[in-house]
1. Here is a list of conditions, (1) closer than 28 Å to ALA78 by Cβ; (2) surrounded by fewer than 21 Cβ atoms within 10 Å (Cβ to Cβ); (3) touching a helix residue (DSSP H, G or I) at 6+ places or on another chain (Cβ under 6 Å), and ALA282 meets all of them except one; can you say which number that is?
2. Out of GLY312, GLY347, report the one residue that is of a type in the set (Gly, Ala, Ser), surrounded by 13 or more Cβ atoms within 10 Å (Cβ to Cβ) and within 21 Å of TYR45 (Cα to Cα).
3. Taking the criterion of being farther than 21 Å from ASN84 by Cα and hydrophobic (A, V, I, L, M, F, W, C), would at least one residue in segment 291-298 satisfy it?
4. Quick one: would you say PRO345 is under 25 Å from ASP295 (Cβ atoms) and either among the charged types (D, E, K, R) or assigned to a loop (DSSP other than H, G, I, E, B) (or both)?
5. Give the number of residues within segment 360-370 that are surrounded by fewer than 18 Cβ atoms within 10 Å (Cβ to Cβ) and either of a type in the set (Ser, Thr, Tyr) or closer than 19 Å to PRO220 by Cα (or both).
6. Considering each residue of segment 1-44, count those that are part of a loop (DSSP other than H, G, I, E, B) and not acidic (Asp, Glu), and give that number.
7. Taking segment 119-130 on its own, how many of its residues are modelled with pLDDT under 90 and part of a helix (DSSP H, G or I)?
Amino acid sequence: MARVTVIGGGIAGLSCAFQFARRPGWTVELFEAADRLGGLLQTAYTPWGMAELAARAVIHQAEWEDLCETVGAKILPASRHSRNRYIFRGRPRKMPLGVGELVPILTGAGRRFVTDRAALRPYPGETVAAWGDRQIGPGATRYLLAPALGGIYAGDVERLSASLILGRMLDPKAKRTPTRLKARTVTPEAGFSDLIKKTEAYLRARRVAIHLGTPRRLAPEDLDHPCIVATSARQAAPVVEAVAPALADQLARTEMLSLTVVCAWYPHDAKDLKGFGCLFPADQGVRALGVIFNDVLFPRDQSYRSETWIYGGDRSPETAQMDDPALLDLVRADRARLTGTPAAPIGTAIQRWPDAVPYYTPALEKFLATLDLPPNLHLAGNYIVGIGLAKIVEHSTVIAARLGAGT
């Protein structure tokens, strides 16, 4: 029997354990320092409805579909109204750009994306802002690219790495594997916590040894078999310190961003926007990175208007230290800017995530380009493959294939 050790019980560690547990000839042991599995994935079940306290949606891919179907978690596709996406520029707009700002996209980058995608590749070390100004123009960079990527990656385009953020999308060889469910955006119907619970049950049924509340640090003798460290970059540093001290030092210096999530419920109003959500450029007088319209994105219980307001990142890191009343005052002010009418929510669920995501800077790009691991040590997580649950799950299949655990 081959043996694999997985350290970290978030989606990265769980999907790695899943890949080996389902294949004959492997024994799997998983260590999680916290007293629960799931990492940042957590669902609040409240009197007003379900609230995801971190990720709310997944870009659907074959590996994600396979995981959900195998463990028995039903997939809910996004509604047709979710195709409407707003960016705030004085008011919420589906297309925030003027005609003059659209011209460089339509005549330049848009044409090259179809005919010569390789010409759009970022330079090594180039920031998203520099790439955007070069390829699509300052207006599109400021009012389209910056809010869109700031809302996803929580960083400033003046510091985000274009290669890490855009490189895969601009790869002419990149292809999407077909999925059985014909939907681009999905979520677990009963919530991400339910998916985690079902994945844990699947693993335990296949005799995966799961150790909760058990921090694990690797010793040199542990690398007599494959070990996958599937934590955040900062958390990985002490895990690998004894087997790769230089790597541990680099991991410890990885810049991280905190996020604050405020889920709020309101009475329905005929003026409610119908769409995925709204993103806010930094110069529009709104502290939030964006707001997601949960009741439109994934219709479940339609009793209330459900919104998730996202703060933190590079724009407002201080929100992680704000108390609940101050946060709710901030939401009220930002929502008044969006809707024109101040309103207090009838219910809320608040979650602060310190050091939630890596800052995808050129420094991280350089670190990943020169990554050198000792034999039998493997890294998994969002700092390796980027933000996106489907990317993380897909990477677990890559690790399994690399270690000869093919089906």
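The values are calculated or read from the model by the stated rules, or taken from the named source; none is laboratory data. Bear in mind the structure is a predicted one, so any value in this text is a computation, not a measurement. Positions of Cβ are backbone-derived with ideal geometry, glycine not excepted, and every protein chain shown enters the neighbour counts.
1. For ALA282, the failing item is (3).
2. Testing whether each residue is of a type in the set (Gly, Ala, Ser), surrounded by 13 or more Cβ atoms within 10 Å (Cβ to Cβ) and within 21 Å of TYR45 (Cα to Cα) leaves just GLY347.
3. no
4. Considered against the rule, which asks whether it is under 25 Å from ASP295 (Cβ atoms) and either among the charged types (D, E, K, R) or assigned to a loop (DSSP other than H, G, I, E, B) (or both), PRO345 comes out as yes.
5. Counting residues in segment 360-370 that are surrounded by fewer than 18 Cβ atoms within 10 Å (Cβ to Cβ) and either of a type in the set (Ser, Thr, Tyr) or closer than 19 Å to PRO220 by Cα (or both) gives 1.
6. Number satisfying all stated conditions: 17.
7. 2
Per-residue answers, yes or no, for (1) within 24 Å of the chain's Cα centre (by Cα); (2) farther than 15 Å from TRP64 by Cα; (3) in the same structural domain as TYR153 (by TED's automatic domain parsing); (4) not in a loop (DSSP other than H, G, I, E, B):
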position: LEU364; (1), (2), (3), (4): yes, yes, no, yes
position: ASP372; (1), (2), (3), (4): no, yes, no, no
position: PRO375; (1), (2), (3), (4): no, yes, no, no
position: ILE384; (1), (2), (3), (4): yes, yes, no, yes
position: ILE387; (1), (2), (3), (4): yes, no, no, no
position: HIS395; (1), (2), (3), (4): yes, no, no, yes
